[in-house]
Amino acid sequence: MILSKGFWQTYKEVPADATIASHQLMMRAGLIHKSAAGLYNYLPMGYRSIRKVEQIVREEMDKAGCYEMLMSVVTPGELWQETGRWEKMGGEMLKFKDKADRDLCISPTNEEAITDVFRKTIKSYKDLPLSLYQINTKFRDEIRPRFGLMRGREFIMKDAYTFHATKECLDEVYDRMYEAYENVFNRLGLEFSAVVADGGAMADGDAKTHEFQVIADSGEDAIIYSNEANYAANIETAKTIRKVESAAKTGSMAEVSTPGKATIKEVCEFLKKNEFHSLKSLVYKARNDEEEKFILVLLLGDDELNELKLEKVYPGYEVTTATDTELKALGLIKGFIGPVEISNLDIVFDTQVDLNAAYVVGANKLDMHLENFVPKEVIKQIKTADLRLACSGDYTVDGKHQVELKRGIEVGHIFQLGDKYTKGMDATILDQNGKAMAPLMGCYGIGVTRLVAAAIEQNHDENGIIWPAAIAPYNVSFVAIVKSEEYKEKANELYKTLINSGLEVVYDDRKAGPGFKFKDADLLGLPLQVVLGERDHKEDGMLEIRIRRSGEKIKVSQEDLISKVN
Ligand code: ATP
Ligand code: MG
Ligand code: MG
Ligand code: MG
């Protein structure tokens, strides 16, 4: 791209809703434009990175034996009705009617659609296993779209679906996909963890499911792990939660001193009674059409943060929310808390918050008492470390290793689905004995656009993005600091030399000073900058290569340039 003629612009201002680095940098570096909440235009500079991610994903899927296809983004309501998900999907699914009054939706995921393709084509076990995938737009009307491409409403996902006649075959392909995912994230140059995930309603009881989490402090997910025990899981899967959940359901657990339900009000009163004068309780009303859900966040902080702005958000209950300044003081301005849809009990420890912070999250009625999580004695002598320890003490691996916590961004998720969809949609085949059977399925998602944001989240400094080489929009920023016609000509020649050698180059030929150009080059963050400075070149006949990540500067002659850059 020749900048004087190209389509690229940087911005000084950060939009108010951009609270994390990747969102700010993607906006400032002119990679994306917002069109509405959770909707973005991918501009030429940003789209190049997205396509590079897609290509890496595509290559690894092909290598793993999957066939690429493209499904319609709009899917008919009838398919979803067959599995009951037309109702169950909730508010995230954007439904509408066409002019003939037929139900349609913009696909949030495609299990039904792919099962429909399958049942129209495959009739025998002999045609299995089958692995299909697409890289396509998805739409989810997220309760709270935020962080730019990280949690958009419209986003690009790679979704793959596999079909099997036996569990052994499903396991084998699942493992192959797991490896393909590792390859993708390794090729992208990201630090990631594969963690045991919570299958939720998607999978059968003991079916395998893993999430691939890019490690970042701004991540919305909490991961518990123990290196010694070679264990990592999304905190959503944690055993304590299960324990309390089932206790609440059956009301029968010995450890629970006062089993039963507690309302938000009761929890607040309980805390008051136990002299939690430093307590912040924040309740957010989740925007959800189907069901009113609430999240109660109990932040156990220090005494200076005692001012609460009271708001009435739940009929009959006084609940409290903190002001922006308070949230900021708590390190929460980044929005880790907020109306996320959680139907089960969950307990999340936010390692970002210096203060001792335990988030107790629940639905309308909290099916718990705080004592279920934290013994009273411990609550009373509360200290940052104590609380976390008291709670995380429950999270141990093999009854031996205590787990640690870190935050992650879910960039991929793989599931064994069992026969839920094939059974539900009557997609049967004939097995070896000529008997009808519902094949087993696996599904495998990668958030393509989220990955670009996650890569930036992990690779940036105060001056801008530092792209992993594999997904940088271009390879080289060629910065020409030239005045005379002779040198302008020289710069044009050099640009041609660079692109003729196969490099992807952004050529800054704009009429601007060196400071301006270097700022933009750093902000854009291509791996290399090649500098032709007229004054320096007249002195020593050399060019300069700057390595964005290390800041290292290397002088090279024009003859050596191409071999050095490559
Ligand atoms: P999350 O927990 O972040 O809401 P999810 O578990 O709902 O994600 P999946 O249904 O597992 O998402 O979808 C597969 C992948 O799609 C996710 O691992 C993630 O990378 C990506 N993804 C999901 N929702 C979004 C979104 N709103 N914006 C961008 N990418 C998303
Ligand atoms: Mg989601
Ligand atoms: Mg998730
Ligand atoms: Mg998921």
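What net charge is computed for the residues neighbouring residue 66, neighbours being all others with C-beta under 12 Å from the C-beta of residue 66, Lys and Arg scored +1, Asp and Glu -1? Here the charged neighbours net out to -1.
Placing pseudo-labels 7 Å out from each Cα toward the beta carbon at residue 69 and residue 423 gives an inter-label distance of 2.4 nm.
The slack between residue 55 and residue 504, meaning 0.36 nm per residue of separation minus the straight C-alpha distance, is 160.0 nm. Charge tally for residue 545 (other residues, Cβ to Cβ under 12 Å; Lys, Arg +1; Asp, Glu -1): +2.
The phi torsions of segment 22-31, fed into the Karplus equation with coefficients 6.51, -1.76 and 1.60 and a -60° offset, translate into couplings of 5, 5, 4, 5, 5, 6, 5, 7, x, 8 Hz, rounded to whole numbers, with Gly and Pro shown as x.
For residue 556 and residue 432, the difference between the fully extended length at 0.36 nm per residue and the C-alpha to C-alpha distance is 37.9 nm. If R0 is taken as 25 Å, the Cβ-Cβ distance between residue 516 and residue 539 corresponds to a FRET efficiency of 0.65.
In order along segment 180-186, the phi-based Karplus estimate (6.51 cos²θ - 1.76 cosθ + 1.60, θ = phi - 60°) of 3J(HN,Hα) comes to 4, 5, 4, 4, 4, 6, 5 Hz; Gly and Pro are listed as x. Evaluating 6.51 cos²θ - 1.76 cosθ + 1.60 at θ = phi - 60° for every residue in segment 468-475, the Karplus couplings come out as x, 3, 5, 10, 5, x, 9, 8 Hz, glycine and proline recorded as x.
Arranged from fewest to most other beta-carbon atoms within 10 Å of their beta carbon, 208, 158 become 208, 158. Here the extension length gained between residue 62 and residue 462 equals 140.2 nm, from 0.36 nm per residue of separation less the Cα-Cα distance.
List the trypsin sites (Lys or Arg not before Pro) within segment 462-566 that fall in a DSSP loop (any state other than H, G, I, E or B) and whose Cβ has at most 11 other Cβ atoms within 10 Å. It would help to have the intermediate numbers written out before the result.
Values: sites: 483, 488, 490, 496, 510, 511, 517, 519, 535, 538, 546, 548, 549, 553, 555, 564; in loops: 483, 510, 511, 548, 549.
Answer by residue number: 483, 511.
In this rough spin-label picture, where each label sits 7 Å from Cα along the Cβ direction, the residue 126-residue 101 distance is 4.7 nm.
Distance from the Cα centroid of segment 1-64 to that of segment 113-154 is 23 Å (rounded to whole angstrom). With a cut-off of 15 Å between beta carbons, the residues surrounding residue 523 carry a summed charge of +2, where Lys and Arg count +1 and Asp and Glu -1. Could you please state, rounded to a whole Å, how far the C-alpha centre of segment 480-556 is from the C-alpha centre of segment 411-459? Taking the Cα centre of each part, segment 480-556 and segment 411-459 sit 47 Å apart. Label sites at residue 488 and residue 11, each approximated as a point 7 angstrom past Cα along Cα to Cβ, lie 3.2 nm apart.
From the square roots a ≥ b ≥ c of the eigenvalues of the alpha-carbon gyration tensor of segment 58-153, which class results: rounded (a/c under 1.5), prolate (a/b over b/c), or oblate?
oblate
Every number in this text was worked out from the coordinates using simple rules, so none of it is lab data. This one's a predicted model, so the numbers in the text were calculated from it and none came from an experiment. So basically every Cβ, Gly included, is an ideal-geometry build from the backbone, and we count neighbours across all protein chains shown.
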